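Reviewing the structure listed below.
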Amino acid sequence: MGRVGRLKRFLAPQLAELIVSQGDEKVLESHRREIVVVFCDLRGYTAFTETAEPEEVLDFLREYHGALGPLVTEYEGTLDQFSGDGIMVFFNDPVPIPDPAERAVRMTVAMREAATALISGWRRLGRELGFGAGIAQGYATLGKIGFSERSGYTAIGTVCNVAARLCAEAKDGQILISQRVAARLSENFALEDIGALTLKGLTQPVVAFNVPLTAGQPTLRVIEGGPPSV
């Protein structure tokens, strides 16, 4: 696999090609930067895996990842991980962008729309699933991890935990964002004030806002649940 191919495993193709064209991968070395982190996953996924056959789960994940994965590339996010139904993406690194918060929210709204279409079909098959997401902004340490044959690029910091906990708190159809993310959005975004949330593993409450469904989107049923503890 060539350098571009290796980088495309965790970077948007255009960013991978930029790094290779410059002949410099120093941007992937350990450093600190303010980023916007998105966590999203499915409500009801654990119950689904307990009753479904392994082949059905794999087919389901291929469909889910196939629908949401290309949106990471479209919005120039950096893919941190696919872990079962959980997806982590961050923005503004390794190449800074001018509007990371807005781009992160727009990508997540597009993901919600794609997931909603899939969920409708799954429910006709008797699968009670839903979609939720959390978005936070803050400083993190970023860099390559792994070894020569298998490596990745990741972010570590409280901002990642906040995004994960907001995702866990989100009900079906909700995209919960931190106050810092909300402050970076243009007036084109309608937000619902959720108030201060006490989130597991965090000592201070987090003021959160929901990015509500638009009038043209179907209302989703409430299914409790979220990502596993991290």
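Taking the alpha-carbon centroid of each part, what is the distance from the range 115-176 to the range 81-100 in angstrom?
The range 115-176 and the range 81-100 have Cα centres separated by 10 Å.
Which semi-axis lengths, in whole Å and largest first, follow from the square roots of five times the eigenvalues of the Cα gyration tensor of the range 77-127? Show your work: numbers first, answer last.
Details: eigenvalues 155, 35, 5 Å².
With the √(5λ) rule applied to the range 77-127, the semi-axes are 28, 13, 5 Å.
Roughly how compact is the range 89-190, stated as its Cα Rg over 2.2 N^0.38 Å to two decimals?
Details: Rg = 15.8 Å, N = 102, 2.2 N^0.38 = 12.8 Å.
It is 1.24.
Bear in mind that the values in this text are calculations on the coordinates, not laboratory data. In this text, all values refer to a predicted model and were calculated from it rather than measured experimentally.
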